[in-house]
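Engineer: Before I ask anything, here is the structure I am working with.
The values are calculated or read from the model by the stated rules, or taken from the named source; none is laboratory data. In this text, all values refer to a predicted model and were calculated from it rather than measured experimentally. Here the Cβ is made from the backbone with ideal geometry for all residues, glycine too, and neighbour counts use every protein chain on show. Ligands, DNA and RNA are stripped out before the accessible areas are found, and what is left, the full protein with its side chains, is counted by its heavy atoms. Shrake-Rupley method; radii C 1.70, N 1.55, O 1.52, S 1.80 Å.
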Amino acid sequence: MESDLAILIADLTGYKALTDVHGAYTAADLIDRFIGITETCLVGDSHLHQRTGDEILIISSSADDLVATAAMLLQQTSGEDRFLQLHGGLHYGPLLKRNDSYFGNTINLASRIAAKANPGTFWCSAEFVNALENKSHYSFIPKGELSFKNVSKDREVFELVVDNCSCLHVDPICKMLVSDTDKAYQHSDKFFCSSECMEIFLNRQGEHT
């Protein structure tokens with residue numbers, strides 16, 4: 001039997017770039033940190049259902065619990081030095097659970113919304129916003145009606161506004177967040193997580209001069 005559930009799909013922006021520059025061990029360590037942070041942010045009955053690569057799927061029976069989880073997740077990760085920005089999609093609708101797996105168009109649309117969300121942001125469907133019991137606790141910026149692959153009609157989408165979740169510096173090579181500038185490498189107005197990334201950047205600049 002299907003039941004209405006809230007769903008968050010989120011992944012790490014720049015994970016491939018980070019892996020290309022820093023290798024599999026750093027990438028695996030980052031995933032471990034990601035899972036650890038996620039588990040500390042779960043509110044109410046929100047639970048981490050699965051991880052695939054750098055993507056996580058969180059399910060909750062309550063849109064309010066899930067939006068609180070999403071807000072904490074953005075706040076925690078945005079201030080994490082040498083981490084990556086998240087982007088994700090939140091949706092609410094019918095899901096079928098069978099053999100500990102979920103099926104339905106709700107997952108498809110959440111994934112499509114997540115793919116369009118800008119780095120450092122979570123976007124929500126109108127269905128998710130309407131499912132909130134306490135809408136006044138959060139702010140949402142309308143992003144208009146968007147079209148999605150394999151979705152029959154345009155859907156209204158909103159960006160979840162979360163306070164205190166902006167990072168001033170992103171390494172332009174590996175996309176890592178650089179929060180602790182005292183430990184970073186700097187060239188002009190850009191900050192790098194390592195001398196390796198700064199050297200790659202300077203070499204690329206030299207190729208275009």
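Engineer: For the chain, which whole-number percentage of the solvent-accessible area (1.4 Å probe, protein heavy atoms only) is attributable to carbon and sulfur atoms?
Structural biologist: Numbers: 4860 of 10780 Å².
Carbon and sulfur: 45 percent of the exposed surface of the chain.
Engineer: Now for a separate question. How many nm separate the modelled label positions at His47 and Glu159, each set 7 Å beyond the Cα in the direction of the Cβ?
Structural biologist: 3.4 nm
Engineer: Now for a different question. Leaving out ligands and nucleic acids, note down the accessible area per residue over the stretch 113-204 with a 1.4 angstrom probe, in whole Å².
Structural biologist: 58 Å²
Engineer: In a Gaussian network model over the chain where Cα atoms closer than 10 Å are linked, find which of Thr181, Thr77, Thr52 has the largest mean-square fluctuation.
Structural biologist: Among Thr181, Thr77, Thr52, the largest GNM mean-square fluctuation belongs to Thr52.
Engineer: Grab the DSSP H runs of the chain that are 4 residues or longer, score each as -39,500 (n - 2.57), total them, divide by all residues and round the 222 nm result to the nearest 500 deg cm²/dmol.
Structural biologist: -11500 deg cm²/dmol
Engineer: Connecting C-alpha atoms closer than 10 Å in a GNM of the chain, tell me which of Ile35, Ile107, Ile58 has the biggest fluctuation.
Structural biologist: Comparing Ile35, Ile107, Ile58 in the GNM, the peak value goes to Ile35.
Engineer: Within the stretch 119-185, report the GluC sites (Glu not before Pro) that DSSP leaves as loop and that have at most 15 other Cβ atoms within 10 Å.
Structural biologist: Those satisfying the criteria are Glu133.
Engineer: In µm²/s, what is D for the stretch 13-106 at 20 °C and 1.002 mPa s, where D = kT/(6 pi eta Rh) by Stokes-Einstein and Rh is the Kirkwood radius from Cα pairs?
Structural biologist: 149 µm²/s
Engineer: Along the Cα-to-Cβ line of Ser152, 7 Å from the Cα, sits a label point; which residues in the stretch 90-134 have backbone N less than 13 Å from it?
Structural biologist: 105
Engineer: Could you give the nm distance between label points at Ile35 and Lys97, where each point is 7 Å from its Cα heading toward the beta carbon?
Structural biologist: In this crude spin-label approximation the distance works out to 2.1 nm.
Engineer: Say a site is exposed when it is one of the trypsin sites (Lys or Arg not before Pro), sits in a DSSP loop, and has at most 11 other Cβ atoms within 10 Å; what is then the longest site-free stretch of the chain?
Structural biologist: Of all site-free stretches, the longest is 1-148.
Engineer: Still on this model: Given the pairs Lys153/Lys175; Lys116/Lys183; Lys143/Lys175, which are separated by over 29 angstrom at their Cα positions?
Structural biologist: Lys153/Lys175; Lys116/Lys183
Engineer: Then there's this: Please name which of Ala117, Leu86, Gln76 has its Cα lying farthest along the dipole of the stretch 69-127 towards the positive end, using unit charges on Cβ (Lys, Arg +1; Asp, Glu -1) and the Cα centre as origin.
Structural biologist: Farthest towards the positive end: Ala117.
Engineer: Only one of the listed values, [x] 114; [y] 123; [z] 143, was derived from the coordinates as volume of the Cα convex hull per residue in Å³; which label is it?
Structural biologist: Comparing each candidate, only [z] matches the computed number.
Engineer: Quote the charge dipole size of the chain about the Cα centre in Debye, to the nearest 20; the model charges only the Cβ of Lys and Arg (+1) and of Asp and Glu (-1).
Structural biologist: 540 debye
Engineer: Okay, next question. Can you work out the PRE-style zone for Glu199? Point 7 Å along Cα to Cβ, and I want the residues of the stretch 10-25 with backbone N under 17 Å.
Structural biologist: 20-23
Engineer: Counting only residues 5 or more places away or on other chains, whose amide H sits under 5 Å from the amide H of Cys124 once H atoms are built in the peptide plane?
Structural biologist: So Cys124 has HN proximity to Leu90, Phe158, Glu159, Leu160.
Engineer: Determine which aspartates and glutamates satisfy two conditions relative to Lys135: a Cα distance under 14 Å, and not lying fewer than 8 residues away in the same chain.
Structural biologist: Asp64, Asp65, Glu127, Glu159
Engineer: Another question, then. Taking θ = phi - 60°, what integer Hz values does the Karplus form 6.51 cos²θ - 1.76 cosθ + 1.60 yield along the stretch 42-53, in sequence order, with x for Gly and Pro?
Structural biologist: These are the phi-based 3J(HN,Hα) values: 5, 10, x, 8, 4, 9, 6, 7, 6, 10, 10, x Hz.
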